[in-house]
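To keep things clear, I will list the structure first and then write my remarks on it.
Please treat every number below as a calculation from the coordinates, not as lab data. Note that the structure is predicted; figures quoted are calculated from it, not measured. Note that we place each Cβ from the backbone using ideal geometry, even for glycine, and neighbour counts take in every protein chain shown.
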Amino acid sequence: MFRNRRAHETTPARETALACLEAGIEAAVPERVVPETVSLEGVETNDSGDSEGPPRLCVSDTTYDLTDIERVLVLGGGKASGAVTTALEPILEPALETGVLDGIEGLVVANAPESTGYVRVVVGDHPTPSERNLEATAELLELAEKATDRDLVLAPITGGGSALLTAPAAGLSLETLATTTDELLASGASIDEVNAVRSRCSSIKGGGLARAATPAEVVTLAISDVVGDDPSVIASGPTVTPPGTLESALAICRRDGLDVPSAVIDHLEATPDTATDMPVGWHCLATTRTAIDAAERVATDRDYRTLVLSSRLEGEAAHVGRIHGTVAASMALDGNPLEPPAVILSGGEVTVTLGETDGVGGPNQELALAGALEMADIDGMGSRAALASVDTDGIDGPTEACGAIVDGTLLESETVKIAERALESHDVTPFLDQRGSLLETGPTGTNVNDLRVLVVEER
């Protein structure tokens with residue numbers, strides 16, 4: 001998986017960290033999680049013969065009767081939506097071949113092409129929405145509006161869908177929405193508050209896709225890239241009720257010091273609050289915990305003690321990195337919180353407050369370097385401890401790297417100050433690249449937030 005893995009397989013700690021990372025990412029890719037959670041029953045196939053009961057689609061522990069369904073429509077978006085669709089098609093195909101379904105159609109908007117037989121995968125732009133995102137989303141909504149009660153809509157909704165599925169409400173422009181989002185984020189508004197506003201300024205967010213597809217039954221197949229896995233936050237919730245109320249959205253926009261475009265205020269004031277609970281089947285196929293659990297199994301199989309620190313760690317990358325480095329030092333020196341050999345795992349989403357800088361880096365790279373600074377002060381640490389941190393989608397900031405791997409040998413006394421300056425200026429990529437610490441996978445086809453592995457060998 002890692003293009004430059006061999007360069008990092010120099011110590012047992014590093015090799016174990018990489019093995020845990022690979023297992024975690026692989027456990028969350030659509031080609032694996034979709035067949036594990038979605039199946040077709042009651043349909044004659046060459047392999048199984050006749051099955052008992054009516055034809056049905058099973059998603060996790062829920063079944064959807066296909067007896068009166070003529071067509072499955074696949075409509076959704078996000079970075080992994082194309083891969084989810086590719087994994088879905090062979091599962092659904094026997095129902096088409098045996099006459100249970102008359103058709104499988106649809107459209108998803110992803111950031112990379114996929115080879116599909118029935119559903120169109122349209123490539124859009126991420127993270128900045130573009131005109132082709134608008135066109136693709138308009139076509140998707142047009143298909144949804146033609147759905148009938150004889151259709152079953154399967155909605156692959158994954159991280160990145162907020163940008164890829166772009167449909168400003170009537171009277172609002174893409175630029176107006178971007179300005180509003182930037183203003184809210186700069187004010188310190190929470191992601192729930194941001195979504196409360198922008199979901200009501202969109203024709204697809206905040207349940208817009210589900211409303212357009214009425215009266216068809218809508219079943220969401222999600223891969224979560226958000227801490228807490230809130231359905232209304234993943235891709236801004238195209239199939240679920242938006243957070244808050246219309247009144248609360250207006251109150252957010254009217255806060256002192258905010259300069260939200262007047263067109264947004266006018267739109268919210270003139271729009272009736274149609275946000276009601278919608279009977280949408282919601283299934284989260286993979287989360288950060290999916291990756292953590294798989295990584296933990298690898299560590300256990302290798303006879304390491306394990307501890308999951310948290311799957312919801314957020315905050316400044318450097319601060320979280322220093323915490324991990326301190327934990328490594330504590331384990332190496334006094335066996336707390338675990339006696340080595342041990343593996344500490346964590347997930348979540350760390351961020352970087354940039355300010356004015358021309359530096360190049362990413363949150364996971366900053367986290368790793370900050371951890372290395374803590375480990376550098378521990379006598380005898382050396383290569384006994386390794387810390388690796390990656391973004392599971394394969395992209396860590398505006399770089400080619402997905403993250404970095406470090407140990408106690410990364411920094412010498414004369415390079416500590418250089419590393420500290422690199423962190424302060426958010427220019428960590430060149431520093432880590434020169435020392436062979438960057439990790440690269442390219443796009444992985446999934447996104448379940450960040451995954452971190454800390455390995456400490458025996459004292």
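Please compute the contact order of the chain in relative form: average sequence separation of alpha-carbon pairs under 8 Å and at least six residues apart, divided by the residue count, as a percent.
Computed over the chain, the figure is 17 percent.
May I ask which residue of 169, 215, 194 lies farthest towards the positive end of the charge dipole of segment 105-217, with charges of +1 (Lys, Arg) and -1 (Asp, Glu) on Cβ and the Cα centre as origin?
So the residue furthest toward the plus end is 215.
Could you tell me what percent of the DSSP beta bridges with both partners in the chain are antiparallel, to the nearest 5? Could you put the intermediate results ahead of the total?
Working: 31 of 68 bridges.
Here the antiparallel bridges make up roughly 45 percent for the chain.
Which residues does the label zone of residue 149 cover in segment 204-227, counting backbone N under 20 Å from a point 7 Å along Cα→Cβ?
Counting backbone N atoms under 20 Å from the label point, the list is 210-219.
Got a sec? Charge dipole of the chain, +1 on Cβ for Lys and Arg, -1 for Asp and Glu; which of 453, 111, 156 is way out at the positive end?
Of the candidates, 453 comes out farthest on the positive side.
Normalising by the residue count of segment 136-232, find the relative contact order in percent from Cα pairs under 8 Å and 6+ residues apart.
Rounded, it is 50 percent for segment 136-232.
Report the charge-dipole magnitude of segment 279-355 in Debye, nearest 20, computed about the Cα centre from +1 at each Lys and Arg Cβ and -1 at each Asp and Glu Cβ.
80 debye
Run the dipole for segment 1-160 about the Cα centre, Lys and Arg Cβ at +1, Asp and Glu Cβ at -1, nothing else charged, and hand back the magnitude in debye, nearest 20.
1000 debye
Between 284, 376, 253, whose Cα lies farthest towards the positive end of the dipole of segment 246-395 when Lys and Arg beta carbons carry +1 and Asp and Glu beta carbons carry -1, centred on the Cα centre?
376
Within segment 54-105, which GluC sites (Glu not before Pro) sit in a loop by DSSP and count at most 16 neighbouring Cβ atoms inside 10 Å? Walk me through the intermediate numbers first.
Numbers: sites: 70, 97, 105; in loops: 70.
Loop-located and lightly packed - 70.
By how many nm would the segment from residue 142 to residue 254 lengthen if fully extended, with 0.36 nm per residue of separation less the alpha-carbon distance?
The residue 142-residue 254 span can extend by a further 37.0 nm.
Suppose each label sits 7 Å from its Cα in the direction of the beta carbon; what would the residue 273-residue 230 distance come out to in nanometres?
In this crude spin-label approximation the distance works out to 1.7 nm.
Could you give the distance between the Cα centres of segment 344-417 and segment 103-138, to the whole Å?
The distance from the Cα centre of segment 344-417 to that of segment 103-138 comes to 34 Å.
Assuming R0 = 25 Å, can you tell me the calculated FRET efficiency for the pair residue 301 and residue 339, based on Cβ-Cβ distance, to the nearest 0.05?
That gives a FRET efficiency of 0.85.
About its Cα centre, how strong a charge dipole does the chain have in debye, to the nearest 20, once Lys and Arg get +1 and Asp and Glu get -1 at the Cβ?
500 debye
Given labels modelled 7 Å from the Cα in the Cβ direction, how far is it in nm from residue 356 to residue 178?
2.3 nm
Could you work out [θ]222 nm for the chain from helices alone, using -39500 (n - 2.57) per DSSP H run of at least four and dividing by all its residues? Round to the nearest 500 deg cm²/dmol.
So the calculated ellipticity at 222 nm is -11000 deg cm²/dmol.
Sorted by mean Cβ packing within 10 Å, highest first, what order do the peptides 384-396, 410-422, 234-246, 315-327 take?
Put in order of decreasing packing, that is 384-396, 234-246, 315-327, 410-422.
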